[in-house]
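Trainee: Would you mind keeping the following structure in view while I ask a few things?
The values are calculated or read from the model by the stated rules, or taken from the named source; none is laboratory data. Keep in mind that this is a model prediction, so the values were computed, not measured. For neighbour counting, all protein chains shown are included, and Cβ atoms are generated from backbone atoms with ideal geometry for every residue, glycine included.
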């Protein structure tokens, strides 16, 4: 969309995302990094298969893959400052199909979430060093495929100030919740926040009558539709505020 010129002539960008962890009638406010960049990876370890009774005649990709999986966490704890540390999660590990056979290859997949460009780049570089180094040490080959996602969403001060003013006209005092920390989820809204001052915030949609608040994307996630009215009022307020600026 951005490449096709949709942001030409646009001064600000605003968005809301629902959250089940705050009740209806509340809204969250955060300036700075709102959510993380996401880069997914797939790793293939190519060893030499053989019979499970003679592992010395094989290059065991499963064992190598397990070593890689645990060593990736050294990136988080030892390679990048704790003040800027990313999240690295291995979410897939596939290898073998028979109980008496050491497989020829293992496949690992996962995601890296980072809050700033430098940590994002370093995490990818260190991952490649670890995968290639461990594979070579054990006589295996490796293939790494990257799926580079969207960058972090950054809420700019100018847009956040507008959001705050509008919120104060809709929500009562404590119902505007100041958010201290970014989240490690990711949003394609970042494509807009890279171009213009932007503000993406959370809108509370939980009703205590629902009982437990299930997370986003959970099959039991539920939204209180009464919360949608607050979202509409917020966006109308943003439009009124900006039109007022233009008229002045």
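Trainee: Go over the candidates 225, 209, 187 one by one and state the one that is in contact (Cβ under 8 Å) with a residue 12 or more places away in the chain and either touching a strand residue (DSSP E or B) at 6+ places or on another chain (Cβ under 7 Å) or in the same structural domain as residue 18 (by TED's automatic domain parsing) (or both).
Mentor: Testing whether each residue is in contact (Cβ under 8 Å) with a residue 12 or more places away in the chain and either touching a strand residue (DSSP E or B) at 6+ places or on another chain (Cβ under 7 Å) or in the same structural domain as residue 18 (by TED's automatic domain parsing) (or both) leaves just 187.
Trainee: For the stretch 62-101, what are the residues that are in contact with a helix residue (DSSP H, G or I) (Cβ under 6 Å, 6 or more places away or on another chain) and farther than 22 Å from residue 125 by Cβ?
Mentor: Across the stretch 62-101, the qualifying residue is only 95.
Trainee: Here's something else I'd like to know. Being buried (at least 18 other Cβ atoms within 10 Å of the Cβ), in contact with a helix residue (DSSP H, G or I) (Cβ under 7 Å, 6 or more places away or on another chain) and either part of a loop (DSSP other than H, G, I, E, B) or modelled with pLDDT of 95 or more (or both): is that true of residue 34 here?
Mentor: For residue 34, the condition - buried (at least 18 other Cβ atoms within 10 Å of the Cβ), in contact with a helix residue (DSSP H, G or I) (Cβ under 7 Å, 6 or more places away or on another chain) and either part of a loop (DSSP other than H, G, I, E, B) or modelled with pLDDT of 95 or more (or both) - is not met.
Trainee: Just one of 154, 166, 160 is closer than 27 Å to residue 227 by Cβ and in a strand (DSSP E or B); which is it?
Mentor: Exactly one of 154, 166, 160 is closer than 27 Å to residue 227 by Cβ and in a strand (DSSP E or B), namely 154.
Residue-by-condition table, conditions (1) at pLDDT 95 or above; (2) in the same structural domain as residue 243 (by TED's automatic domain parsing); (3) under 26 Å from the mean Cα position of the chain (by Cα); (4) under 30 Å from residue 106 (Cα atoms):
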position	(1), (2), (3), (4)
140	yes, no, no, yes
157	yes, yes, yes, no
166	yes, yes, no, no
171	yes, yes, no, no
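Trainee: Any residue at all in the stretch 43-61 that's out of contact with any helix residue (DSSP H, G or I) (no Cβ under 7 Å at 6 or more places or on another chain), closer than 23 Å to residue 186 by Cβ and in contact (Cβ under 8 Å) with a residue 24 or more places away in the chain?
Mentor: Within the stretch 43-61, not a single residue is out of contact with any helix residue (DSSP H, G or I) (no Cβ under 7 Å at 6 or more places or on another chain), closer than 23 Å to residue 186 by Cβ and in contact (Cβ under 8 Å) with a residue 24 or more places away in the chain.
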